[in-house]
1. Determine the dipole magnitude for the stretch 30-86: charges of +1 sit on the beta-carbon of Lys and Arg, -1 on that of Asp and Glu, nothing else is charged, the reference point is the Cα centre, and the result goes in debye to the nearest 20.
2. Quantify, in whole percent, the carbon and sulfur part of the accessible surface of the chain (1.4 Å probe; protein heavy atoms only).
3. Ile111 label point, 7 Å along Cα→Cβ, cut-off 17 Å on backbone N: hits in the stretch 226-246?
4. What's the FRET efficiency of Ala225 with Phe169 using the Cβ-Cβ distance as r and R₀ = 25 Å, to the nearest 0.05?
5. Points 7 angstrom from Cα along the Cβ direction at Lys213 and Glu260: gap in nanometres?
6. Please give the calculated 222 nm ellipticity per residue for the chain, where each DSSP H segment of at least 4 residues contributes -39500 (n - 2.57) and the sum is spread over every residue; nearest 500 deg cm²/dmol?
7. At 1.4 Å probe size, with every protein chain present, just tell me what the per residue accessible area of the chain comes to in Å².
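The values are calculated or read from the model by the stated rules, or taken from the named source; none is laboratory data. The structure displayed is predicted, hence computed values, not measured ones. We place every Cβ from the backbone using ideal geometry, glycine too, and count neighbours over all the protein chains shown. To get the accessible areas, we keep the full protein, side chains included, count just its heavy atoms, and leave off ligands, DNA and RNA. Shrake-Rupley method; radii C 1.70, N 1.55, O 1.52, S 1.80 Å.
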Amino acid sequence: MSCKSAPAGWKKDRHTFYPTTDLNLVSDPFNTSDREWLASILDARLSPVMERAYGVFRGAIRTNDMFVVRYDGGEEGQDRLRKHTDSSHLSFNVLLNDEFEGGGTRYHNRITKEAIDVNPAVGEALLSHAMILHEGLPTTKGTRYILVGFNTIDEKDPITEESTNLSIFSSWFFNFSWMQIRFREGAEQGTVNRRARSRLGAENIEGSILSNKYVTSLFRDLDNALTSLGDKFSSIRSGKLIADEKADEYMSVMDRAFIERTEVEQKLGIERSRGNGYSSWFQGQNIHLDVFGGYSG
């Protein structure tokens, strides 16, 4: 199926620098039942793995953008995505079909130039640090569909300001990976502030330390330095957290544990909240935080 005959609603303009042909799970034609069904699966099967693999409390995970991407083989449509990093802390993508040829994800080390290709099976989730340079390889035939999530690690919910119970040892203050992203966010916010002040006149915009060009440059330099350190001392490798022969058993156990947890919490009157260990999959999407983790619009 080419993009010309794709269902109405597919967009190519949501991501400015690295556009994909996609449907957002919140703003595009998915209903509440769709999101509730998907959230229950992610709560049961994915957030516990992300918590274990990256050492962050599952309630601190917030998806800032979740969408379905299509890559079309042949001359029409988008068949690949060039090298990039994601606008998040952690990223996941889940392969939704196998009626295609080609495709896959290639991860790059900027210093050593080494690269690895990863081709998950249908239903497998590919987890990675969002700042690893990667690309979507060409789909040569058919249409490849993947579910993508860009996930932010919050110390508090940016909308409700509810604590997520994230340990300070898992926060950006003690984690160089999250610190790097904070510096990048600070540099980007500083650039936006300075452009706004220049366009509208400094007297019309409240001053901020992030508007200072030297602070913005410092954040940018620190971001670049931590990026280089990460590539220098962290080799690129991939591995399966759950063996193929254990996958069905794992999903069954995790689904059952989630159902039992839900039943107990309902009996005890415990509300579903981030502080109680529920990730935020669809609330607070497509928002920007400043270097201090505050909501900036």
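1. Values: 9 positive and 10 negative charges, 73 e Å.
The dipole magnitude comes to about 340 debye.
2. Exposed carbon and sulfur together represent 54 percent of the surface.
3. The answer is 226-237, whose backbone nitrogens lie closer than 17 Å to the label point.
4. Computed FRET efficiency for Ala225 and Phe169: 0.65.
5. Between Lys213 and Glu260, the simple spin-label model gives 6.2 nm.
6. -9500 deg cm²/dmol
7. About 55 Å² of surface per residue is accessible.
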